[in-house]
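Engineer: Here it is, the structure, as structure tokens.
The values are calculated or read from the model by the stated rules, or taken from the named source; none is laboratory data. Being a predicted model, the structure only gives us computed values, none of them experimental. Neighbour counts run over all protein chains shown; Cβ positions are idealised from the backbone, glycine included. Only protein heavy atoms, including side chains, enter the accessible area calculation; ligands, DNA and RNA are left aside. Shrake-Rupley method; radii C 1.70, N 1.55, O 1.52, S 1.80 Å.
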Amino acid sequence: MSVHIAAQKGDIAKTVLMPGDPLRAKYIADHFLEEVKLVSKTRNIFYFTGIYKGKEVSVGASGMGIPSIGIYSYELYTQYDVETIIRIGTCGAYSTDINIFDVLNVEYAASESTYAKFAWDIDGDRLASQGSIFQSLNETAKGLDVNLKPTTVHTSDIFYRKDQELPAVAAKYQCSAVEMEAFALFANAQYLGKNAATLLTVSDVIPTGAAISADERERALKPMIELALETSLVL
Ligand code: HPA
């Protein structure tokens with residue numbers, strides 16, 4: 001057990017797929033894994049461990065935002081010997097060059113957040129995905145029907161804001177989209193010498209207001225989930 005996860009050591013696989021939403025973790029376990037065990041439900045943040053094509057994999061939620069993913073990813077890496085976390089989330093596109101349903105592979109996350117500095121004394125406002133998993137995802141995508149786009153995204157603490165101009169750090173690094181977790185995941189992995197990647201399905205395009213409807217979400221997220229699971233086989 002760790003402070004926020006009830007699983008026993010050994011109950012969680014070396015690779016964890018991490019959606020934001022606990023119900024999405026359940027959906028993935030129910031539809032893609034065999035021999036599924038619910039290993040933690042503390043705070044309704046479900047963690048499941050099961051088998052995908054013969055390989056053990058876990059899936060569990062990060063919750064929303066930097067503090068939440070900071071806690072869960074740290075405990076998984078340090079208390080459960082997890083080696084690789086693949087965040088699978090959604091993002092809002094800043095650029096009209098990308099469309100709803102597109103799948104992004106986050107090479108860099110840029111942020112105004114002080115998380116990396118104050119947690120680990122890591123300087124800089126842009127962090128890279130960690131380990132070779134970013135590359136493994138790109139390679140695996142070529143064999144699947146996924147047009148995966150490598151990119152830099154903005155990890156923001158803010159969902160609602162007064163002004164609609166592009167935030168300075170997003171302009172500085174020409175971020176294509178915004179989400180709320182990747183920077184903290186990459187910071188933890190960098191400090192701990194672990195592997196971390198972030199896949200994002202574009203759920204909305206901010207300048208046009210185009211958005212995936214609630215009904216379309218399951219279908220929309222399937223290519224990203226399959227890409228993460230197929231990549232877990234080569235780790
Ligand atoms: N902002 C932050 N995170 C998001 C968004 C957004 O507009 N859309 C999906 N995740």
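Engineer: List every residue pair whose Cβ atoms sit under 8 Å apart, with the two residues 6 or more apart in sequence or on different chains, where the first one lies in region 164-180 and is open to solvent by 60 Å² or more (accessible area, probe 1.4 Å) and the second, anywhere, is more than 14 Å from the ligand (Cβ to nearest atom) and in a strand (DSSP E or B).
Structural biologist: Every condition considered, the pairs that remain are 174/152.
Engineer: Output the qualifying pairs, or none if there are none: Cβ atoms under 8 angstrom, residues six or more apart or on different chains, first residue in region 61-82 and polar (S, T, N, Q), second residue open to solvent by less than 10 Å² (accessible area, probe 1.4 Å) and modelled with pLDDT under 95.
Structural biologist: What qualifies is 79/5.
Engineer: Determine, yes or no, whether residue 146 is touching a residue at least 60 places away in the same chain (Cβ under 8 Å) and either within 11 Å of the ligand (Cβ to nearest atom) or among the acidic types (Asp, Glu) (or both). Explain how you work it out, then say what you get.
Structural biologist: Working: touching a residue at least 60 places away in the same chain (Cβ under 8 Å): yes; either within 11 Å of the ligand (Cβ to nearest atom) or among the acidic types (Asp, Glu) (or both): no.
The answer is no for residue 146.
Engineer: Which is surrounded by fewer than 23 Cβ atoms within 10 Å (Cβ to Cβ) and within 16 Å of the ligand (Cβ to nearest atom), of 155, 201?
Structural biologist: Values: 155 fails: surrounded by fewer than 23 Cβ atoms within 10 Å (Cβ to Cβ).
201 is the lone residue from the list that is surrounded by fewer than 23 Cβ atoms within 10 Å (Cβ to Cβ) and within 16 Å of the ligand (Cβ to nearest atom).
Engineer: Could you please find all residues in region 83-134 being at positive phi and in contact (Cβ under 8 Å) with a residue 12 or more places away in the chain?
Structural biologist: So the first thing to find is which residues in region 83-134 are at positive phi, and the list is 101, 121, 124, 131.
Result: 101, 131.
Engineer: Every residue in region 204-235 that is at pLDDT below 95, open to solvent by less than 20 Å² (accessible area, probe 1.4 Å) and more than 19 Å from residue 182 (Cα to Cα), please.
Structural biologist: Passing the criteria: only 220.
Engineer: I've got another one for you. Considering region 1-34 alone, what residues qualify as being assigned to a loop (DSSP other than H, G, I, E, B) and polar (S, T, N, Q)? Don't jump to the end; show me each part of the working.
Structural biologist: Within region 1-34, the first condition is being assigned to a loop (DSSP other than H, G, I, E, B), and the residues that meet it are 1-14, 19-21, 33.
2, 8 - these are the residues of region 1-34 that are assigned to a loop (DSSP other than H, G, I, E, B) and polar (S, T, N, Q).
Engineer: Mind listing just one residue for me: the one in region 85-109 that is β-branched (Val, Ile, Thr) and out of contact with any helix residue (DSSP H, G or I) (no Cβ under 6 Å at 6 or more places or on another chain) and, of those, farthest from the ligand (Cβ to nearest atom)? Walk me through it before giving the result.
Structural biologist: As a first pass, look at region 85-109 and keep what is β-branched (Val, Ile, Thr): 85-86, 88, 90, 96, 98, 100, 103, 106.
Among the residues that remain, those that are also out of contact with any helix residue (DSSP H, G or I) (no Cβ under 6 Å at 6 or more places or on another chain) are: 90, 96, 98, 100.
Numbers: 90: 4, 96: 14, 98: 12, 100: 10 Å.
The qualifying residue farthest from the ligand (Cβ to nearest atom) is 96.
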